[in-house]
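Following: one structure in structure tokens, then a few remarks.
The values are calculated or read from the model by the stated rules, or taken from the named source; none is laboratory data. What you see is a predicted model, and the numbers here were worked out from it, not measured in a lab. Cβ coordinates were reconstructed from backbone atoms using ideal geometry, including for glycine residues, and neighbour counts include every protein chain displayed.
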Amino acid sequence: MSVLSDQEIRRLAREHRMIEPFVEAQVKANAAGEPVVSYGLSSYGYDLRVAREFKVFTNVFNTVVDPKHFDPRSFVDLVGDTCIVPPNSFALARSVEYFRIPRDVITVCLGKSTYARCGIIVNVTPLEPEWEGHVTLEISNTTPLPARIHAEEGLAQVLFLRGHTPCERSYADRRGKYQGQTGITLPRS
């Protein structure tokens with residue numbers, strides 16, 4: 001395996017629509033010149049943005065969290081420029097970007113250090129060969145304090161790894177249950 005460079009990521013984004021919308025350079029400030037958590041193309045990866053939709057975990061109905069029988073009442077839906085994640089809790093969100101991963105590429109999605117230094121962890125998520133969709137992101141607040149997430153700004157970095165040969169059976173070939181997901185996608189069994 002080899003890590004894709006910024007030039008190769010740019011080429012795949014242009015020629016194969018691997019990332020849409022695609023931001024060709026790191027953005028560190030908004031139109032008003034105020035700092036943002038950076039997003040866009042980096043040296044060997046792409047810093048994705050978190051969209052304005054969130055599902056914040058709640059225990060109002062005292063349900064059990066079970067990935068095989070998930071109760072959607074476990075979340076409160078929010079739309080906004082920021083999301084407050086309660087102490088020692090988590091939220092689901094999605095990427096602004098829609099990804100189309102080539103057959104000979106796999107990715108790893110890692111939380112940005114700006115958030116990690118605040119005790120906010122983004123679950124490591126692989127994007128498998130020939131998977132496509134918006135990335136559903138799990139954001140954990142490991143602190144005893146409320147944590148603010150900024151929509152339309154960077155949340156995680158995607159690293160792209162190319163195999164020496166294309167995989168024998170891709171996510172699309174297996175008809176993966178999260179293929180083509182849009183919006184925030186809850187666990188499916």
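The set of residues from region 1-42 being in a helix (DSSP H, G or I), basic (Lys, Arg) and in contact (Cβ under 8 Å) with a residue 24 or more places away in the chain comprises just one member, 10.
Taking residue 179 and the conditions (1) out of contact with any strand residue (DSSP E or B) (no Cβ under 9 Å at 6 or more places or on another chain); (2) farther than 30 Å from residue 35 by Cβ; (3) free of Cβ contacts under 8 Å to residues at least 60 places away in the same chain; (4) of a type outside the set (D, E, K, R), which numbered condition does it fall short on, given that it satisfies the others? For residue 179, the failing item is (1).
Please verify whether residue 153 is crowded, with 21+ Cβ neighbours inside 10 Å and among the charged types (D, E, K, R), treating the condition exactly as stated.
It is true that residue 153 is crowded, with 21+ Cβ neighbours inside 10 Å and among the charged types (D, E, K, R).
Out of curiosity, is residue 70 in contact (Cβ under 8 Å) with a residue 60 or more places away in the chain, farther than 22 Å from residue 138 by Cβ and not in a strand (DSSP E or B)? So residue 70 does not fit the description; no.
State yes or no: is residue 170 outside any strand (DSSP E or B), small (Gly, Ala, Ser) and modelled with pLDDT of 95 or more?
Taking the combined requirement at face value, the residue satisfies it.
Of all the listed residues (63, 125, 82), the sole one being of a type in the set (Val, Ile, Thr), modelled with pLDDT of 95 or more and surrounded by fewer than 19 Cβ atoms within 10 Å (Cβ to Cβ) is 82.
How many residues does region 45-67 contain that are assigned to a strand (DSSP E or B), acidic (Asp, Glu) and out of contact with any Ser or Thr (no Cβ under 8 Å at 6 or more places or on another chain)?
Matching residues across region 45-67 total 1.
Within region 88-112, take every residue that is modelled with pLDDT of 95 or more and not in a strand (DSSP E or B) and give me the one that is surrounded by the most Cβ atoms within 10 Å (Cβ to Cβ). The selected residue is 101. No other residue among 169, 162, 73 is within 21 Å of residue 15 (Cβ to Cβ) and basic (Lys, Arg) apart from 162. Scanning region 125-156 for residues that are among the hydrophobic types (A, V, I, L, M, F, W, C), farther than 15 Å from residue 50 by Cα and outside any strand (DSSP E or B) yields 131, 145. Of all residues in region 83-92, those being of a type in the set (Val, Ile, Thr) and within 16 Å of the chain's Cα centre (by Cα) number 0. If only residues of region 1-45 that are within 20 Å of the chain's Cα centre (by Cα), of a type outside the set (S, T, N, Q) and over 27 Å from residue 166 (Cβ atoms) are counted, the one that is surrounded by the most Cβ atoms within 10 Å (Cβ to Cβ) is 39. Looking at 57, 70, just one residue is under 27 Å from residue 99 (Cα atoms), buried (at least 17 other Cβ atoms within 10 Å of the Cβ) and at pLDDT below 95, and that residue is 57.
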